[in-house]
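Note sheet for the following structure.
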Amino acid sequence: FVKIQEGCTTPCTYCIVPYVRRGESSVPVDTVLSAVRSRISAGYREIVLTGTKPGAYRDGATHLAGLVRRTLELPGVERLRISSLQPQELSDELLGLWRDSRLCRHFHLALQSGSATVLERMRRGYRPVDFSEALERVRSFVPGAAITTDVIVGFPGETDGEFAENVAYCESAGFARIHVFPYSRRPGTPAAQMQGQVPAAVLRSRV
């Protein structure tokens, strides 16, 4: 568990994750399934598979799609939801599982910014065009799916033009809901040392 700075509302992967992780690890499949059985026995009707990076889940030969499939095989699972995924994690195998109506038709894909240059500074590993392709794939496999996202405004160096690109992308993407966060500077992170820290008043207006 990581204690975020008091007042922080922006758990951005670029700002903090590389400094608090000691390598990725996944909870064993049997442990996850045991927890699901326990919740079902307690009367829970919806199960949420979540984690720091659910799409990177792996236990031996079992990836996220396999875990989802195994979970749906358990008696009593009425609804299953997957938490935040990244565009590159949306395999055909995974998306194909949404043929099962018990999987909630909701995807949370964290955009962070609709500006290619801001995403590059964040080191997100994808571009707006890649994100758009992911949106199209989700909507192709799961028509009518609700897609929600996170957006950070005021990342160091964000110009008025880049902010306008961000807004324009969000307007065109058709998100069901957007969680908007102002960038929060954290001492000791690469982003905190970047030039062009955005003034607080500008951050508020962009939010």
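Values for this structure:
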quantity	calculated
Scope segment 44-64; condition in contact with a helix residue (DSSP H, G or I) (Cβ under 6 Å, 6 or more places away or on another chain) and of a type in the set (Gly, Ala, Ser); matching residues	Gly55
Residues of segment 85-110 classified as closer than 18 Å to Glu133 by Cβ and either touching a Phe, Trp or Tyr at 6+ places or on another chain (Cβ under 7 Å) or of a type in the set (A, V, I, L, M, F, W, C) (or both), total	11
Filter result for Ala110 (within 30 Å of Val198 (Cα to Cα) and either touching a Cys at 6+ places or on another chain (Cβ under 9 Å) or among the hydrophobic types (A, V, I, L, M, F, W, C) (or both))	yes
Residue that is modelled with pLDDT under 95 and over 19 Å from the mean Cα position of the chain (by Cα), where the choices are Arg22, Arg58, Arg39	Arg22
Pairs with Cβ under 6 Å, 6+ apart, first in segment 84-105 and closer than 19 Å to Glu46 by Cα, second in a loop (DSSP other than H, G, I, E, B)	Ser84/Ala110; Trp98/Val142; Arg105/Val142; Arg105/Ala145
Flag if Gly76 is under 30 Å from Gln197 (Cβ atoms) and modelled with pLDDT of 95 or more	no
Strands (runs of 3 or more DSSP E) completely within segment 95-195 that count 3 or more residues being crowded, with 17+ Cβ neighbours inside 10 Å and either under 14 Å from the mean Cα position of the chain (by Cα) or aromatic (Phe, Trp, Tyr) (or both)	146-153
Every pair of residues 6+ apart whose Cβ atoms lie under 6 Å, when the first sits in segment 162-181 and is without any contact (Cβ under 8 Å) to a residue 24 or more places away in the chain while the second is part of a loop (DSSP other than H, G, I, E, B) and surrounded by 13 or more Cβ atoms within 10 Å (Cβ to Cβ)	none
Unique match (being without any contact (Cβ under 8 Å) to a residue 40 or more places away in the chain, among the small types (Gly, Ala, Ser) and open to solvent by 60 Å² or more (accessible area, probe 1.4 Å)) among Ala56, Ala42	Ala42
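The values are calculated or read from the model by the stated rules, or taken from the named source; none is laboratory data. This one's a predicted model, so the numbers in the text were calculated from it and none came from an experiment. Neighbour counts are summed over all protein chains in view; Cβ atoms, including those assigned to glycine, are modelled from backbone coordinates with ideal geometry. These area figures cover heavy atoms from the full protein model, side chains too; ligands, DNA and RNA do not enter into them. Shrake-Rupley method; radii C 1.70, N 1.55, O 1.52, S 1.80 Å.
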